[in-house]
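> A single structure is presented below for examination.
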Amino acid sequence: IPVAGIGAVFFFLLFLLTALASPEHRNFPKTQRLAACLSAAGVAIDLYFVTVQVFILGTLCLFCLGTYLVNILYFVTNSLMCARRGRGLKRFFLEPLKGATTAIQMPAHLWWLSASALFSFIAAVTFLPAVIWMQSSFYSYGKRLADQFFLQWKEKTAYEIPISADDASLGSPDAPIKIVEFSDFECPHCRKAAFTLHTALKPLGSQVQFVFKHYPLDSDCNPELQYQLHPKACKLAKLAECARRKDRFWQYHDRLFLELAGDQGLPAWEKIVSSLSDILSPSEVESCMANPAVLKAVKDNIEAGRKLDLKGTPSVFVNGRLVEIPLTVETLIRLVELES
């Protein structure tokens, strides 16, 4: 029996009776009496729970005792106010509760408001524990999968991924740990990965070299796709390559992922080009789009990804091993520790 949920609904009902009934209304005493009867029933149930706690469980719930005290105070206050109006407690309990359904006289909109509030509260109390339980179960399941992934990390295949001086990279080429990301500038998950990597790489320092490789999900330059999943991805990859040749790749990378991209994706092409004018001028953008060497560099990255049988972006490899669980700062730091 969901005792806590029933108790929450009970106190919310008392709140509605108290808050929505006007003391000036002629039926207010009936409303007050109805609330007092409810609280009297609550006190009787509270006495039962106290008996169970003392004589069966042998322990007291302090929070529960607090709710019992509130209930007693509410009952006593309502009873005394009824007594002051000349209605003795004996008559109060023995007289049938007449007109309970008409005890509260309110405009129709207030009735609808209170009924909706009570229904919503009951629904929340009923379903919220289930939602919390489901979230907790998913978290526990995800944690078990992550723990299993870390245990099996060293057993995973380590692929040979070519890294050259023409790749955009951060960190020393002599670093013992190589993190390689195949990414798409129009991919929302790649944007999240950019934030993660931006945070994780700082504390890792000289241990890591991070290498960025293009894998646009766009059939304009990626033969692995039959359609344009991200219609601007190939053009953005080419602009990134041109920015790299000016030693402005990471400024370009952060401008797109951390500034221009939002929850709705990137803006229109013209606005992107305008926003990048301090990195690539309009004439440089035009020549970049027509440069076959730039397209070849992008396609070389795509070919490297094809050989790895990539299933999507972002695809992140740590020393050649594919990260197959959600990419978080903690995940990257843990994997670097396993590789150290």
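> Which condition from (1) part of a strand (DSSP E or B); (2) over 18 Å from Arg255 (Cβ atoms); (3) in contact with a His (Cβ under 8 Å, 6 or more places away or on another chain) is the one that Leu217 breaks?
Failed condition: (1).
> Still on this structure, please answer the following. Right, Lys307: surrounded by fewer than 13 Cβ atoms within 10 Å (Cβ to Cβ), closer than 15 Å to Asp184 by Cβ and either under 36 Å from the mean Cα position of the chain (by Cα) or of a type in the set (Phe, Trp, Tyr) (or both) or not?
Judged against the criteria, Lys307 is not a match.
> I'm told Ser206 meets every condition in (1) of a type in the set (S, T, N, Q); (2) out of contact with any helix residue (DSSP H, G or I) (no Cβ under 9 Å at 6 or more places or on another chain); (3) free of Cβ contacts under 8 Å to residues at least 12 places away in the same chain except one. Can you identify the failing condition by its number?
If we test Ser206 against (1) of a type in the set (S, T, N, Q); (2) out of contact with any helix residue (DSSP H, G or I) (no Cβ under 9 Å at 6 or more places or on another chain); (3) free of Cβ contacts under 8 Å to residues at least 12 places away in the same chain, just (3) comes out false.
A quick yes/no check of all residues on (1) at pLDDT 95 or above; (2) under 25 Å from Lys311 (Cβ atoms); (3) out of contact with any Pro (no Cβ under 9 Å at 6 or more places or on another chain):
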site	(1), (2), (3)
Ala240	yes, yes, yes
Asp254	no, no, yes
Phe257	no, yes, yes
Gly265	no, yes, no
Glu270	no, no, yes
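> Right, Arg191: buried (at least 17 other Cβ atoms within 10 Å of the Cβ), at pLDDT 95 or above, among the basic types (Lys, Arg) and in a helix (DSSP H, G or I) or not?
No; evaluated as a whole, the condition is false for this residue.
Listed here are the residues, each with its yes/no results for (1) in a loop (DSSP other than H, G, I, E, B); (2) assigned by TED's automatic domain parsing to the domain that holds Ala240; (3) buried (at least 16 other Cβ atoms within 10 Å of the Cβ).
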{"residue": "Arg144", "(1), (2), (3)": "no, no, no"}
{"residue": "Phe149", "(1), (2), (3)": "no, no, yes"}
{"residue": "Asp166", "(1), (2), (3)": "yes, yes, no"}
{"residue": "Glu186", "(1), (2), (3)": "yes, yes, yes"}
{"residue": "Ala200", "(1), (2), (3)": "no, yes, yes"}
{"residue": "Phe212", "(1), (2), (3)": "no, yes, yes"}
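> Another question, if that's okay. Are any of the residues in region 115-134 over 28 Å from the mean Cα position of the chain (by Cα) and at pLDDT below 95?
Yes, there is a match, as at least one residue in region 115-134 is over 28 Å from the mean Cα position of the chain (by Cα) and at pLDDT below 95.
The values are calculated or read from the model by the stated rules, or taken from the named source; none is laboratory data. Keep in mind that what you see is a predicted model, and the values were worked out from it rather than measured. Every residue, glycine as well, gets a Cβ built from its backbone with ideal geometry; the counts of neighbours run over all protein chains shown.
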